[in-house]
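Everything on this sheet refers to the single structure shown next.
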Amino acid sequence: MKNLLIVESPGKVKTIQKYLGNDYTVKASIGHIRDLGQKGMGVDIQHGFKPEYEVPADKKKIVAELKKLAAEADMVWLASDEDREGEAISWHLFDTLGLTEDKSKRIVFHEITKDAILNAIKTPRTIDMNLVDAQQARRVLDRLVGFELSPILWRKIQPKLSAGRVQSVALRLIVDREREIMAFKKEPFYRIEATFNPEGTKSSVKVKAVLDNKFDTLQQAEKFLQDSIGARFTIKDIQQKDGVRVPAAPFTTSTLQQEASRKLHLTVSTTMRLAQALYERGLITYMRTDSTNLSSLARSTAKAFICDNFGPEYSRPRQYTTHSKGAQEAHEAIRPTYIQNTSIEGTAQEKKLYDLIWKRTVASQMSDAKILKTDIAVESDRRPELFRIQASQILFDGFLKLYLEGTDDETLDEGSDVILPGLNLGQAMNCKEMRGECKFTQPPFRYSEASLVKKLEELGIGRPSTYSPTITTLTTGRGYVVKGDKPGEKETVVNLKLTGDTITRSTKTEVIGSEKGKLLPQEIGMMVTDYLMKNFDGIINYDFTANVEKDFDLVAAGNRAWNAVIADFYTPFHKKVEDVLSDRTFSRPERELGKDPETGLPVIAKFGQWGPFVQIGEGENRRFAHLAAGQLIENVTLEDALKLFELPRTVGTLDGHDIVATKGKFGPYIKYNGKNFSLPKGCNPLTVTEQECQDIIKSSSDPAKDQLARFESSDITVINGRYGPYIKQNGVNYKIPRGTKAESLTEEKCLEIIKSAGKAKK
DNA sequence: CAGTGAGCGAGCTTCCGCTTGACTT
């Protein structure tokens, strides 16, 4: 064998092999092949922070294979990604495989095209040891921070907790936001909206306008409406302005996660799983990237596609530059591999995600949209305030033909086109109706998974490959955060309406500030953040990563030794760690919520061995209840706390046995005759009726309830499982191939599936 | 489930970033 070429991702191997032909064997390292040892610190702190590298167990096989192939090859081409981590991977390969400088070359390419790869082969270089050192500094710093801080938490708060440069700041963002919301005092205000019929138009023509002033009180709003009875309204000013809207840049990992969340309501991890599947099928480029760059081939095919399908006036080739902090741009933006593929085969979700990527990519190469913005002021002869009419009209749709980026601001409706009738200066406007509506000032929004990723990217914290795993660490990993809903607060408001000469009042109950699917900090997350803020504010600072990145840049430029950077950080940091560990005091949050109205006993929220709980009374007969997900000691109300004691609740009986409704680890369930039955989604254990419980118990006792089909002779059952239908035979489960409808399965068809699946498994 | 730091102590937990399966009903 002449040449061995090693890349990171197995997904690239086939394509590159095709471009290079038989003189090359293309293999993948499958990411990093070496890491700091798992046992202990893995860094020799005493001797210049020397890293103690090991090949992890799951990488032994690939390393052995690469070693063998490298020994047989005349030349080894190290083609890992062109970024800090990629450079380190090349160096670890060089070191581990026992390569020499005359028998190995370092090459890089940013896109998987024939030109890019052949060009890379023509322009090899040597491994950039400064860049490798910057990576070693990053790796060692993260290990030192994580493995010195985490044990402090085990000792001071709870075992198995963790802290780190990325996760602790991500957690702090969520905790800080929650505290901002707690501190926020919402204020009511009145917004005045009028519906006008312009003089000289049909009476059905309506134009909506909003007063440029808000009122603090009902009285002020009512006064305005009274003053408006019989008032004359005329157009005082008309301003028209041409504007443009520009398409958003092609997707990076972060923006893909945000848009898939906004438009397709996918979680960050689902988005990545689907994108991985598309990538593996060769349908899209690599999905973990911070670059908005498109290859020249992609740009030219997009141009041709747009000209052919929409016309040349819709085409505007653009190259986007990446602005995000710390971007390393080793890959292209996420785009369809072939722009010509306007749709794909696959699951409904895969199709939707592909469609999103396709539209975003093509729209990014289309013309600006031309907009005519109109701003009209309407004055009253009784009051100085002005009504404003704002409209925007699309003169040329450009990229909007395909795609409009979503927004995180839940109060904003998408820029709909408002068509105004012809209006002139001085024209009279007849007021058909005027409303005074009570609104409330809004606290900042809680983070969703995707908006947290957006914020992390803005701060330069974390990388495309870690956004999703970081969220998993905070939620299912450590229980610092739960994803859930906040019900909002009920408010009774008085609204006003003026029609003709009469003002009517209406009273309405509204729910203010409810949020769904947001990241809610748990008590343990608050405690960890408070503790780290108090003792390690430098590390949990939002700028910490940005600052150390500057040092890493100095290392990468060859201007500082990597271990000198680490020493500067470690000396004061470790002293603080020692100080904190010698302090044996513990503090736990505790708060009295009030008195139990039934017994008069105090109700106290505090943190125990098993997490936050509330207790009623003291001594022998006190009662305990866990706080629910998202409830915090510092702001749980007495009312909410008392509700926690309403479970378990005896609902009724069936055949002489009690039915008890309660909540457990897996959500609400009912206990009956020694057995447990989950309550269906949306069924509240506090309000579920005896009849409903009896039905649940009876239907759950039916062994065939999840069976879709049963073929006795071959012991085959088709079961409707949690992840969709599947086939079971002799205790072994088999997937149903994509595109096959479970209802259409016959015994023969099932046997066929089992037979082919059996082969695949071997 | 247990129960809301009396003591002792062995042995465990943990980081970030680069990758993909293997696994789950």
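The values are calculated or read from the model by the stated rules, or taken from the named source; none is laboratory data. Given the structure is predicted, the values throughout are model-derived calculations rather than measurements. As a convention, Cβ positions derive from the backbone with ideal geometry for all residues, glycine included, and neighbour counts pool all protein chains shown.
Among what's in segment A:254-285 and is within 19 Å of the chain's Cα centre (by Cα) and of a type in the set (Ser, Thr, Tyr), pick the residue that is farthest from DNA strand B (Cβ to nearest atom). Taking the candidates together, the pick is A:Ser261.
Of all the listed residues (A:Leu118, A:Leu149), the sole one being in a helix (DSSP H, G or I), within 12 Å of DNA strand B (Cβ to nearest atom) and of a type in the set (A, V, I, L, M, F, W, C) is A:Leu149. Scanning segment A:348-387 for residues that are modelled with pLDDT under 95 and polar (S, T, N, Q) yields a total of 1.
No other residue among A:Lys665, A:Lys595, A:Lys643, A:Lys575 is at pLDDT below 85, over 22 Å from A:Ala183 (Cα atoms) and surrounded by fewer than 15 Cβ atoms within 10 Å (Cβ to Cβ) apart from A:Lys665. Those helices (runs of 4 or more DSSP H) of segment A:1-111 in which 1 or more residues are of a type in the set (S, T, N, Q) and away from DNA strand B (no atom under 13 Å from the Cβ) occupy A:10-20, A:84-96. Applying the condition of being charged (D, E, K, R) and not in a strand (DSSP E or B) to segment A:513-536 and asking which residue is surrounded by the fewest Cβ atoms within 10 Å (Cβ to Cβ) yields A:Lys534. Number of residues in segment A:152-162 that are near DNA strand B (Cβ under 6 Å from one of its atoms) and closer than 14 Å to A:Leu581 by Cβ equals 1. Among the residues of segment A:440-472, those that are in contact (Cβ under 8 Å) with a residue 24 or more places away in the chain and over 18 Å from A:Lys518 (Cβ atoms) comprise A:Phe440, A:Thr441, A:Glu457, A:Glu458, A:Leu459, A:Gly460, A:Ile461, A:Gly462, A:Arg463, A:Pro464, A:Ser465, A:Thr466. Of note, A:Ser291 does not satisfy the criterion of being surrounded by fewer than 17 Cβ atoms within 10 Å (Cβ to Cβ) and among the hydroxyl-bearing types (Ser, Thr, Tyr). Screening the candidates A:Thr292, A:Thr270 for the property of being out of contact with any helix residue (DSSP H, G or I) (no Cβ under 7 Å at 6 or more places or on another chain), part of a loop (DSSP other than H, G, I, E, B), at pLDDT 95 or above and polar (S, T, N, Q) yields one hit, A:Thr292. The combined condition, being more than 16 Å from DNA strand B (Cβ to nearest atom), among the β-branched types (Val, Ile, Thr) and more than 28 Å from A:Gly426 (Cα to Cα), is not fulfilled by A:Ile238. For segment A:492-529, which residues satisfy the criterion of being under 24 Å from A:Val577 (Cα atoms) and either of a type in the set (Gly, Ala, Ser) or free of Cβ contacts under 8 Å to residues at least 24 places away in the same chain (or both)? If the condition is that a residue be under 24 Å from A:Val577 (Cα atoms) and either of a type in the set (Gly, Ala, Ser) or free of Cβ contacts under 8 Å to residues at least 24 places away in the same chain (or both), then A:Gly525 is the only one that fits.
Exactly one residue out of A:Ile376, A:Ile339 is away from DNA strand B (no atom under 16 Å from the Cβ), assigned to a strand (DSSP E or B) and not small (Gly, Ala, Ser): that is A:Ile376.
When we screen A:Gly398, A:Gly436 for residues that are at positive phi and at pLDDT 85 or above, the only hit is A:Gly398.
Pairing residues of segment A:53-79 that are at pLDDT 95 or above with residues that are of a type in the set (Phe, Trp, Tyr), at Cβ distances under 9 Å and at least 6 apart in sequence or on separate chains, gives A:Val76/A:Phe94; A:Trp77/A:Tyr24; A:Leu78/A:Trp91; A:Leu78/A:Phe94; A:Ala79/A:Phe109.
Screening the candidates A:Glu489, A:Glu510, A:Glu449 for the property of being at pLDDT below 95 and surrounded by 14 or more Cβ atoms within 10 Å (Cβ to Cβ) yields one hit, A:Glu510.
The residues of segment A:609-624 that are free of Cβ contacts under 8 Å to residues at least 24 places away in the same chain, under 19 Å from A:Val482 (Cα atoms) and surrounded by 12 or more Cβ atoms within 10 Å (Cβ to Cβ) amount to a single one, A:Phe613. Looking only at segment A:213-221, decide whether some residue is in a helix (DSSP H, G or I) and closer than 22 Å to A:Met429 by Cβ. So far as segment A:213-221 goes, yes, one or more of its residues are in a helix (DSSP H, G or I) and closer than 22 Å to A:Met429 by Cβ. The C-beta contact set for segment A:235-249 (first residue modelled with pLDDT of 95 or more, second residue exposed (fewer than 12 other Cβ atoms within 10 Å of the Cβ), distance under 8 angstrom, 6+ apart or interchain) comprises A:Ile235/A:Asn424; A:Ile235/A:Leu425; A:Ile235/A:Gly426; A:Lys236/A:Leu425; A:Asp237/A:Leu425; A:Ile238/A:Asn424; A:Ile238/A:Leu425. Screening segment A:577-629 for residues that are in a loop (DSSP other than H, G, I, E, B) and under 30 Å from A:Gly538 (Cβ atoms) and picking the one that is farthest from DNA strand B (Cβ to nearest atom) gives A:Asp583. Taking residues in segment A:745-762 that are modelled with pLDDT of 70 or more, and partners anywhere that are of a type in the set (S, T, N, Q) and surrounded by 15 or more Cβ atoms within 10 Å (Cβ to Cβ), the pairs with Cβ atoms closer than 8 Å and at least 6 places apart or on different chains are A:Cys750/A:Gln729; A:Ile754/A:Gln729. Taking each residue of segment A:153-170 that is under 11 Å from A:Tyr531 (Cβ atoms) and in a loop (DSSP other than H, G, I, E, B) and looking for partners that are near DNA strand B (Cβ under 6 Å from one of its atoms) and of a type in the set (Ser, Thr, Tyr) with beta-carbon atoms closer than 6 Å, six or more apart or interchain, yields A:Ala163/A:Ser150.
Being crowded, with 16+ Cβ neighbours inside 10 Å and outside any loop (DSSP other than H, G, I, E, B) holds for only one residue in A:Gln349, A:Gln328, and it is A:Gln349.
Checked against the criterion of being over 26 Å from A:Leu627 (Cα atoms), among the aromatic types (Phe, Trp, Tyr) and within 16 Å of DNA strand B (Cβ to nearest atom), the candidates A:Tyr531, A:Tyr480, A:Tyr542 yield just one match: A:Tyr542. The set of residues from segment A:357-409 being aliphatic (A, V, I, L, M) and surrounded by fewer than 19 Cβ atoms within 10 Å (Cβ to Cβ) comprises A:Leu372, A:Ala377, A:Leu386, A:Ala391, A:Ile394, A:Leu395, A:Leu404. Whenever a residue of segment A:307-335 is over 15 Å from A:Phe251 (Cα atoms), its partners that are among the acidic types (Asp, Glu) and part of a helix (DSSP H, G or I), lying with C-beta atoms within less than 6 angstrom and at least six residues away or across chains, give the pairs A:Gly326/A:Glu549. Tell me yes or no: at least one residue of segment A:643-662 is within 14 Å of DNA strand B (Cβ to nearest atom), in a helix (DSSP H, G or I), on the phi < 0 side of the Ramachandran plot and under 37 Å from the mean Cα position of the chain (by Cα). Looking for residues that are within 14 Å of DNA strand B (Cβ to nearest atom), in a helix (DSSP H, G or I), on the phi < 0 side of the Ramachandran plot and under 37 Å from the mean Cα position of the chain (by Cα), one finds at least one in segment A:643-662, hence yes.
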